[in-house]
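Working notes, structure below.
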Amino acid sequence: MTTPTRTRPTVTSGIGDSPLRPDGVPKLKGEFQYAQDLWSEGMLWGATTRSPHARARIVSIDIGPALATGGVHAVLTADDVPGPGMFGLEHPDQPVLASDEINYWGEPVAIVAAEDPDTARRAAAAVVVEYEALPPLTDPEEADRADSVFRRLQIRSGDQEVTGEVVVEGYYEVGTQDQAPLGTEAGLAVPDGSGGVDLYATSQFVHADQSQVVEALGLRPEQVRSHPTGVGGAFGAREDVNLHIHLVMLALHTGQPVKMVYQRSESFTGHVHRHPARMWYRHHATRDGKLVRVEAKILLDGGAYASTTSAVLANACYFAVGPYRVDSVLVEGIGVKTNNPPCGAMRGFGAVQSNFGYESQMDRLAAELGMDPLELRRRNALATGDRNPTTQQVIQTPLPVAECIDSLAAIPLPDGDDPILPGGSGLTTDRSHIVRGVGYSVGIKNLGFSEGSDDYAEARVRLTDEGAVVETAAIEVGQGLVTVLAQMARTALGISKAIVRHVDTSRIGSAGSTSASRQTQISGGAVMEASRRLRERILAHHGGDELDDLGVHRAGELIAPMSELIREGWEETYTFRHPPTTPPDDDGHGDIHADFAIAAHRAVVDVDPELGLVRVVRVDTAQDVGRVLNPVSVQGQIEGGIMQGVGLAVMEELVIQDGVIRNPNFTDYLLPTILDAPDVEMLLIEQGSWWGPFGAKGVGEPPTISSTAAVAAAIRNAIGRDLNRVPVRPEDIAL
Amino acid sequence: MTVNGQPVSAEVEPRTLLVHFLREDLRLTGTHVGCETGYCGACTVHVDGEPVKSCTMFAVQADGANVTTIEGIASNGDLHPVQEGFWERHGLQCGYCTPGMIMSSVALLSKNDRPSEEEIRHGIEGNLCRCTGYHNIVQAVQFAAARMRGEEPPAADWEGGE
Amino acid sequence: MQAFHPKTLDEALAAAADGATPLAGGTDLMVEVNFGKRRPEMVVGLRRIAELREWERSRIGSGVTWRRVERDGPRAYAQAARTVGSPQIRNAATIGGNLGTASPAGDGHPFLAAVDASIEIASTSGRRLVPWYEFFTGPKQNALQPGELITAVVLPERLPERHEFGKVGVRNAMVISTVCCVVTRDTEGSTTVALGSVGPTPIRVPAAEEMISAEPSPSDSALGEFARLVSEGVRPITDHRSTEEYRRHAAGVLARRLLERCLA
């Protein structure tokens, strides 16, 4: 097991502690500035004209009536886009504004700036667009047959002819989930008077926003500065550009600051969703429950534009087997292009979908073998030193699969009745109507970016009269990065005062995206290493042997007080990279991933089988967290992540018909309420990471990966029936 | 109307929502908008002491009323016990739902100073949180309830346990 | 847009006669305004009219909030009130507003249908009492004529001894009903069953009522027959919230359960 870097216990609020959030007071008093709250004197308000068709040809656009609306300052269409006019996180395949073809419902066609939001919206509605509606391609299997694909990926390992004594097959579906952060997309672009713009907008990755704005509009990099700003949740929805380029266009065109805030209905079309999946599985095993071969076909609907579909598909495929040993593997993955809404990043990023597939299969296999489902998983558990059966990569990080399973099994089951019944305040269900069920799922996911991408983060640590100031462009979306980066700086420097300051893209290098469970490890790695080097340089300079709040000491004597160090203006900038990864070869093999994390979940549900209503009573978990840097933040990530997994299991789904979202609102896209929240018991498994700072692993995604499948398994266990689709709807149970 | 104890008068378009009046005319941006359909609860304020969703109310409807927003909850710069509870018990992450959660919790505790866990859940069922899973929010309200009764708040479930 | 917030009903009726759109708690109208689906020229706010908040025995003013019904209403009406929106919505939303919207999914409607309530409607030319089955004329349509306002709900002087409400929805709070239902039963065994979200308007199921009213102490098979008749008697559709088949099934199951509670 790895040994964590030596900690300095004399520093309070360092790693291992749970200091209160530094952004807590402003958030609690209503003083925290979210992108929605930004204000600039004389600013205009933007709005977007969007296509009512999923697929169409634009015959003509008449901006006359919109422009004639009083208070309107600009109405821009594709004709007004300077530069190439295309953007995309991985491939620039998406037009800033549609020019002649519409590829999804809600695609932006025109943008407006006006003196107030109501006028802007009315003007956007007044843009006259003549469409020739075309039949949309919305069936992903038809898209596959038509070879309308973003990526195909085949993984072949071991003897392809081998078969097992026991074979189970299944077909599984995952519906479209939305991140639904409570704050919608919002931003403000402020022209600098010399052709440049300062952009403040909801984001997970300001450097990627900046480069996409620059490239799409043909600007010089120094013309656009993207500033981290307050974000009301993200979960993947803010990794792609949406209103950013539009804001910059409007600000440059009008010469005035322009603000835009999406309404909830627009937000549902304005950001990408979790990919819906169709999966075909065949598992082969010996009679005594050893996996022999796994065959999977995974079809993800990427919607109209690429976004991160190829990486999401890769994840779904590389983890198509789960955290289990098996020699023979065949995985065929297809990420198709359709006229459905574009899909991209959401917490779990492909690993969620295939987890539902392979864990449903593991339960099916256990039933076929007459074996305890946990015992089957334990017998096949992957461990450090094994090869990941898909990529054939030797796993170097601690991988406590068996430990997670055993720990989970040791958590006592709830023995009493739950105070909340299925149906909740609807009073549908009496205690006599319910059946209890228990289900399990174990998940695996990579941490950080994969497949050979250069994954790095820059951070700067400075000594100032405010204490150590950590400068970063890494985005705080609520997860607590502002707390943990300061903790790391305190511990690595030996100084108890440290704060985190977000700076714009012109003042620091990229921190990469707040996604892939990566910032604690990667921006954290940069902060730890910058702090460590800074401390060493200061000590060397002064010939000291200890640094603390008072200054530099030698043999217990203060030789350079902190005020002197501050005057000296010490700072250190460091760019951290995780161990390099490689792209896959033709068989999908390679050192594809930098690190892995495991979580196991056990769900306990009360089901009213006759009405098909479910109350999720408990979701317990044992999670591989590497090393706990902030216990309360880890707990918060786990409880919140489980809640999103429960949402996908029983209620969250965008209903899309003929490419049109039928429920783009909180009336009908159902987020779990406090009466739907399960209790959570958790055990944290601390075995370190092979490279994460202080032994940390990312903790944000694993809670979401296998909690969905565990709830579905528990419902199956309660009702004794097969369920091959999430979210599980009342009619799936009752009819 | 009176907002956070201060008399406020302004000529507004009758169409102006209360939440927009608060946010844009008074620049009290602590009251958030999350859904415009009355579901998320981020825009919760008190009108004459009762929590309401300010996104489904015209400003002129509150003419003459006593409106309290999140900015009016702390007194003399000291956090209200409910605010303290949310901080101490990690009842917030992104914080976007937090002002609405606090307004609902304050209203609940003004009517029931010793709510059971179930009563807490029912009291704030009209506020969605996407980050926390709600567990720490319940603990935050329990913390505040004890503090407001002058008692020592119960230990957090991560304290003293395993 | 003009907004007018009178203190008396007469002033409000005069405004309504001039074409003003009535605004009660704002739950439904404001959503339409927020999304630009409606841009009323003139709005008449009803919140300040004390007369509409009066509740005298079986006559409940249209301005009574769901919060008051939750606290003070007859059992099944209070149970229904408990599921209207959220606590904040119930503080503002009124029974009159619920009727004005006349959504097929309105949580308050089945109770009114089950007890044969009437809706009192007023205009500058007088008042009229409309039985519930004439009031609801279609999905989001009611018998209100231009210039009319809903002033009260009038319940029968005597309610059946037992009445129970239930609502099927996909989450445990703040949800539009998939099916909602009220069953009433008096000591003589006379039973009514009314449902929402399973037809264009709230509906009763006479065949099920007649059959079960004739059973002084219904057997298991009689209860099953009751459920079957309810399922058969509803007219649900498939939409983005649920399917016709499930709604039909759930209507029967829920009605039977509520009847069992009435019998307990």
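Summary table below
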{"quantity": "Qualifying residue in segment A:236-244 (condition: crowded, with 22+ Cβ neighbours inside 10 Å, at positive phi, modelled with pLDDT of 95 or more and not in a strand (DSSP E or B))", "calculated": "yes"}
{"quantity": "Residue under evaluation A:PRO26, criteria (1) surrounded by fewer than 17 Cβ atoms within 10 Å (Cβ to Cβ); (2) in contact (Cβ under 8 Å) with a residue 24 or more places away in the chain, criterion not met", "calculated": "(2)"}
{"quantity": "Every pair of residues 6+ apart whose Cβ atoms lie under 8 Å, when the first sits in segment C:204-215 and is under 17 Å from C:PRO160 (Cα atoms) while the second is among the polar types (S, T, N, Q) and not in a helix (DSSP H, G or I)", "calculated": "C:ARG204/C:THR192; C:GLU209/C:THR191; C:GLU209/C:THR192; C:ILE212/C:THR191; C:SER213/C:SER190; C:SER213/C:THR191"}
{"quantity": "Subset of segment A:678-697 [in a loop (DSSP other than H, G, I, E, B) and more than 21 Å from the chain's Cα centre (by Cα)]", "calculated": "A:PRO678, A:VAL680, A:GLU681, A:GLU686, A:GLN687, A:GLY688, A:TRP690, A:TRP691"}
{"quantity": "Residue check for A:GLN635: at the interface with another protein chain (Cβ under 10 Å from one of its Cβ atoms), touching a strand residue (DSSP E or B) at 6+ places or on another chain (Cβ under 8 Å), part of a helix (DSSP H, G or I) and not β-branched (Val, Ile, Thr)", "calculated": "yes"}
{"quantity": "Hey, A:GLU90 of a type in the set (D, E, K, R), buried (at least 24 other Cβ atoms within 10 Å of the Cβ), more than 14 Å from every other protein chain (Cβ to nearest Cβ) and touching a helix residue (DSSP H, G or I) at 6+ places or on another chain (Cβ under 9 Å) or not", "calculated": "no"}
{"quantity": "Complete set of residues in segment B:1-30 that are part of a helix (DSSP H, G or I) and surrounded by fewer than 18 Cβ atoms within 10 Å (Cβ to Cβ)", "calculated": "B:GLU24, B:ASP25"}
{"quantity": "Tabulated pairs, segment C:235-247, first facing chain A (nearest Cβ under 9 Å), second surrounded by fewer than 22 Cβ atoms within 10 Å (Cβ to Cβ) and part of a helix (DSSP H, G or I), C-beta under 8 angstrom, 6+ apart or interchain", "calculated": "C:SER242/A:GLU731; C:THR243/A:GLU731; C:GLU245/A:GLU731; C:TYR246/A:GLU731; C:TYR246/A:ALA734"}
{"quantity": "Qualifying residue in segment A:252-267 (condition: away from chain B (no Cβ under 14 Å), surrounded by fewer than 24 Cβ atoms within 10 Å (Cβ to Cβ), within 30 Å of A:ALA367 (Cβ to Cβ) and over 20 Å from the mean Cα position of the chain (by Cα))", "calculated": "no"}
{"quantity": "Residue identified as surrounded by fewer than 23 Cβ atoms within 10 Å (Cβ to Cβ) and at pLDDT 95 or above among A:GLU686, A:GLU652", "calculated": "A:GLU686"}
{"quantity": "Subset of segment A:487-537 [free of Cβ contacts under 8 Å to residues at least 40 places away in the same chain and touching a helix residue (DSSP H, G or I) at 6+ places or on another chain (Cβ under 8 Å)]", "calculated": "A:ALA498"}
{"quantity": "Residue within segment B:49-58 that is more than 7 Å from every other protein chain (Cβ to nearest Cβ) and in a loop (DSSP other than H, G, I, E, B) present", "calculated": "yes"}
{"quantity": "Test: residue in segment C:89-99 that is among the hydroxyl-bearing types (Ser, Thr, Tyr) and surrounded by fewer than 23 Cβ atoms within 10 Å (Cβ to Cβ)", "calculated": "no"}
{"quantity": "Residues satisfying the stated conditions in segment A:212-226, i.e. surrounded by fewer than 24 Cβ atoms within 10 Å (Cβ to Cβ) and closer than 30 Å to A:PRO22 by Cβ", "calculated": "A:ARG225"}
{"quantity": "Criterion violated by B:HIS46 - all others in (1) under 16 Å from C:THR27 (Cα atoms); (2) part of a strand (DSSP E or B) satisfied", "calculated": "(1)"}
{"quantity": "Failed item, numbered, when A:GLN623 is tested on (1) in a loop (DSSP other than H, G, I, E, B); (2) more than 9 Å from every other protein chain (Cβ to nearest Cβ)", "calculated": "(1)"}
{"quantity": "Hits in segment A:417-470 (condition: away from chain C (no Cβ under 14 Å) and of a type in the set (Asp, Glu))", "calculated": "A:ASP417, A:GLU451, A:ASP454, A:ASP455, A:GLU458, A:ASP465, A:GLU466"}
{"quantity": "Residue list for segment A:653-685, filter: charged (D, E, K, R), within 11 Å of chain B (Cβ to nearest Cβ) and out of contact with any strand residue (DSSP E or B) (no Cβ under 9 Å at 6 or more places or on another chain)", "calculated": "A:ASP668"}
{"quantity": "Condition check for A:LEU252: assigned to a loop (DSSP other than H, G, I, E, B), assigned by TED's automatic domain parsing to the domain that holds A:ALA186, hydrophobic (A, V, I, L, M, F, W, C) and touching a residue at least 12 places away in the same chain (Cβ under 8 Å)", "calculated": "no"}
{"quantity": "Members of segment C:188-219 found to be touching a Leu at 6+ places or on another chain (Cβ under 9 Å), over 12 Å from C:CYS262 (Cα atoms) and not acidic (Asp, Glu), listed by number", "calculated": "C:ALA194, C:LEU195, C:PRO202, C:ILE203, C:ARG204, C:VAL205, C:ALA207, C:ALA208, C:MET211, C:ILE212"}
{"quantity": "Which listed residue is among the small types (Gly, Ala, Ser), under 30 Å from the mean Cα position of the chain (by Cα), at negative phi and in the same structural domain as A:ASP288 (by TED's automatic domain parsing), from A:GLY443, A:GLY385, A:GLY416", "calculated": "A:GLY443"}
{"quantity": "All positions within segment B:105-136 that are outside any loop (DSSP other than H, G, I, E, B), at the interface with another protein chain (Cβ under 7 Å from one of its Cβ atoms) and within 24 Å of B:CYS55 (Cα to Cα)", "calculated": "B:ARG121, B:GLY123"}
{"quantity": "A:VAL168 in contact with a His (Cβ under 6 Å, 6 or more places away or on another chain) and farther than 25 Å from A:SER265 by Cβ", "calculated": "yes"}
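Yes or no, residue by residue, for (1) among the hydroxyl-bearing types (Ser, Thr, Tyr); (2) at pLDDT 95 or above; (3) part of a loop (DSSP other than H, G, I, E, B); (4) surrounded by fewer than 17 Cβ atoms within 10 Å (Cβ to Cβ):
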{"position": "A:GLY357", "(1), (2), (3), (4)": "no, yes, no, no"}
{"position": "A:LEU399", "(1), (2), (3), (4)": "no, yes, yes, no"}
{"position": "A:ASP406", "(1), (2), (3), (4)": "no, yes, no, no"}
{"position": "A:PRO422", "(1), (2), (3), (4)": "no, yes, yes, no"}
{"position": "A:TYR440", "(1), (2), (3), (4)": "yes, yes, no, no"}
{"position": "A:ASN446", "(1), (2), (3), (4)": "no, yes, no, no"}
{"position": "A:GLY452", "(1), (2), (3), (4)": "no, yes, yes, yes"}
{"position": "A:LEU463", "(1), (2), (3), (4)": "no, yes, no, no"}
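The values are calculated or read from the model by the stated rules, or taken from the named source; none is laboratory data. Source: prediction; values computed, not measured. For neighbour counting, all protein chains shown are included, and Cβ atoms are generated from backbone atoms with ideal geometry for every residue, glycine included.
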